Amino acid sequence: MPLSSGLEGQRVLVTAASTGIGYGAATAFLKEGARVVINSSNKEKLDGALARLGPLGEVHGVQGNLAAKADLENIVRSAKSLLGGIDTLVYVTGSPKPGRFLEMTYEDWRGASDLLVVSPAYLAKLVADEMISTKTGGRMVFLSSYVIKEPTLAIALSSVCRAAVLSLVRTLARDLGPKNIRVNGIMPGFIKTGRIDQLAQDQARRRGIKPEDYIREIEGEIPLGRIGTTEELARAIVFLGSDMSSYISGATLPVDGAVLRSI
C-alpha cells in the first residue's frame, strides 16, 4: 500500500508560523491537504503569511504572544472555532537573544523560561484538554534545538531552557498515550532562517569577523557540508504530525545534517 500522510482535511495548528520554520511547516501541511491555523505575534507578518499561503488551501491566522497566558488560551480557542477542533499541534517559537551565561540578567532568564518552558507546557495542556474532550486521537510535535544535547556557549539561554522540551515530550508521551495522543519532538540543527543571520551578526561583532565567515565555519562543522532548509525540516514535521508515524511517540528526532556528535 502506498505511504500516505492521511492529512487530507486534518486540522493543524502551527505556532510562530509567519516566517521561518513555522511558515515552512504550515506550507507543507497545506500541500498535504490539511486545514491550518497559523499564529504570530506580529499582525503585519501574519497578514503577509496568510496572503502567501492562501492559494495552497484553507488557512487562518491568530495573532498572539506565545509567552502570554491569555494569548495561548485565545490561540487554542480560536483554532477550535475556526477548524472545529485540533488534530495536530506543531509548536514552534522564536529564540531568546544570543549571548554567554555571565551576560544574562534575571529578566533574561525569566523571559526565556516563559517562552521556552512555560509556554509549550501550558499550550500542550490546553490542546490536550481539547483533544481529550472531543476524543480526538491527536499528535503534538515540539520544535527545540540540537543544543539540548550539546549546549552552545554563545546561546546560553537556548541551551539551558530548550532542554525542557525533551523532558516535556517524554512526559506527555507517557501521560497522553492512553488517550491516543502521540507526542514527539524535533531538534533542528542549522536551518536557513533569520536566527542564523542573527547569530552570524552576533559572532561577527564579538570576534571581528565577517558574518559570511561565520556561515562558512558552520558549514565546515556539518558533515553534510551545508545548512538545511525549512522545506527539509518540514518533511520531518509532517512525518511526526501525521499517520506516517503512527507507532512513534516520545521520540526527539535530530534534523541536523549529522552535526550532533553525542549518542
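Only the coordinates and a few stated rules stand behind these numbers; no lab work does. All values reported here derive from a predicted model rather than from experimental measurement. FYI the Cβ positions are ideal-geometry reconstructions off the backbone, even for glycines, and counts take in every protein chain you see.
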**Asked** According to the Kirkwood expression over distinct Cα-Cα pairs, how big is the hydrodynamic radius of region 179-218, in Å?
**Response** 12.0 Å
**Request:** With a cut-off of at most 14 other beta carbons within 10 Å, and DSSP calling the residue loop, which trypsin sites (Lys or Arg not before Pro) in region 130-228 qualify? Please list them.
**Result:** LYS135, ARG226
**Complete:** Low-density loop chymotrypsin sites (Phe, Trp or Tyr not before Pro), region 196-263, at most 10 other Cβ within 10 Å, DSSP non-H/G/I/E/B, are TYR247
**Asked** How much net charge surrounds GLU8 when only other residues with a Cβ under 10 Å from its Cβ are counted (Lys, Arg +1; Asp, Glu -1)?
**Response** 0
**Message:** With n ≥ 4 as the cut-off for DSSP H runs, can you work out [θ] at 222 nm for the chain, using -39500 (n - 2.57) per run divided by the number of residues, rounded to the nearest 500?
**Reply:** -13500 deg cm²/dmol
**Fill in**
Computed over the chain: longest principal axis from alpha-carbon atoms vs helix 194-207 long axis, angle to nearest 10 degrees, is 20 degrees
**Message:** I need to check one value: relative contact order of the chain, counting alpha carbon pairs closer than 8 Å and at least 6 residues apart, in percent.
**Reply:** 21 percent
**Request:** Would you please classify the overall shape of region 163-238 from the alpha carbon gyration tensor, given that a ≥ b ≥ c denote the square roots of the eigenvalues, rounded means a/c under 1.5, and beyond that prolate means a/b larger than b/c while oblate covers the rest?
**Result:** prolate
**Item:** Full-stretch length increase - ASN74, LYS135 - with 0.36 nm per residue and alpha-carbon distance subtracted
**Value:** 19.9 nm
**Request:** Compute the long axis of helix 211-221 from its Cα atoms, compare it with the longest principal axis of the Cα atoms of the chain, and write down the angle in degrees, 0 to 90, nearest 10.
**Result:** 70 degrees
**Asked** Hey, any idea what Rg/Rh is for region 78-205, computing Rh the Kirkwood way over Cα pairs?
**Response** 1.03
**Asked** What is the local net charge at GLY33, summed over the other residues whose Cβ is closer than 14 Å to its Cβ (Lys, Arg +1; Asp, Glu -1)?
**Response** -2
**Complete:** For the LYS31, LEU102 Cβ pair and Förster radius 35 Å, calculated FRET efficiency rounded to 0.05 is 0.20
**Prompt:** Do you know the relative contact order of region 87-218, to the nearest whole percent, from alpha carbon pairs under 8 angstrom that are 6+ apart?
**Reply:** 28 percent
**Item:** Under 15 Å, Cβ to Cβ, from LEU157 - net charge with Lys/Arg +1 and Asp/Glu -1
**Value:** 0
**Asked** Is the shape of region 38-152 best called rounded, prolate or oblate, per the rule: a/c under 1.5 gives rounded, else a/b larger than b/c gives prolate, else oblate, with a ≥ b ≥ c the square roots of the Cα gyration tensor eigenvalues?
**Response** prolate
**Asked** Which one, (1) 10; (2) 7; (3) 14, gives percent of Cα pairs over 36 Å apart as derived from the coordinates shown?
**Response** (1)
**Asked** Relative to the first principal axis of the alpha-carbon coordinates of the chain, what is the inclination of helix 230-240, with its axis defined by its Cα atoms, in degrees from 0 to 90 and to the nearest 10?
**Response** 40 degrees
